[in-house]
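First the structure, in the form of structure tokens, and then the observations on it.
Throughout, read-outs are computed from the coordinates displayed, never taken from laboratory work. Bear in mind that the values here come from a model prediction, so they are computed numbers and not experimental data. Don't worry about glycine lacking a Cβ; one is built from the backbone with ideal geometry, like all the others, and counts go over all protein chains shown.
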Amino acid sequence: MHRRRRTALVLTAAIAAAAPLLTACGNDAHPGAAAVVGGQRITVSQLDERVGEVRAAQRAAVQDEAQYQQAIARTGTLTRDTLHTMVLDRVLHRAAQDAGVTVSRKEVQAMRSGLEQQAGGAKGLETTWLQQYGIPPQRLDENLRFQLEAQKLAEKLGTSTDRPEFWKALSDASKDLNVDLNPRYGTWDVQKSSRADAKTPWVRDVTAAGTQQGT
């Protein structure tokens, strides 16, 4: 279980690290869509809903207004981090399917039970995932499935999640799915399977200010 915990921490942290500042853009290639993955839209409203889940969980976790504002400040890139997670989840799932990898609900529950023991209970695990990775309680099982899928894919490929062979599988899946991000959220780096900023330095960055207002 310690190995699975390390895998979860590495992957979740990698998602956050791969999400730099965004630039705003008024020329949307897909109006109303934050991204298109495999021909399926991730709408702006869906993205906003996911971000709202995190903000609501943060609000419920702290009663003090100053602490809440500090939590918001620590997650100032929440919108773009969340979109990256939503896209990468679909890319990883495609790569896992291509490799014949599946994850059962029983496996997710086993992983959760082990992590809860290490965190001092269910509440402790939920708090850790919210504070460190921006994952609200209702998305915890979904995120653990993501971690297990990545781990099992790496094992199937005879490698680990921090090796080029693993990320090549995700890169191939990105190509197959033809990931396309709304320009306001940057572009998708197919080789790295991560979101990159759009090269529009003349466009004013308004995302940070909007996020701090609770977007």
| query | Given H placed 1.01 Å from N in the peptide plane, which residues other than close sequence neighbours of residue 189 have an amide H under 5 Å from its amide H? | reply | 194, 195, 196
| Compactness ratio of segment 107-184: Cα Rg over 2.2 N^0.38 Å, N = residue count? | 1.33
| request: Compute the length gained on full extension between residue 41 and residue 109: take 0.36 nm times their separation in residues and subtract their Cα-Cα distance, giving the result in nm to one decimal. | output: 21.5 nm
| query | Taking 0.36 nm per intervening residue step and subtracting the Cα-Cα distance, what contour gain separates residue 64 from residue 48 on full extension? | reply | 3.3 nm
| What is the gain in length, in nm to one decimal, between residue 56 and residue 159 on full extension, counting 0.36 nm per residue of separation less the C-alpha to C-alpha distance? | 33.3 nm
| request: Report the label-to-label distance for residue 98 and residue 116 in nanometres (one decimal), using points 7 Å from each Cα along the Cα→Cβ vector. | output: 3.6
| task | Excluding residue 177 itself, calculate the net charge of residues whose Cβ lies under 13 Å from the Cβ of residue 177, where each Lys or Arg counts +1 and each Asp or Glu counts -1. | result | -1
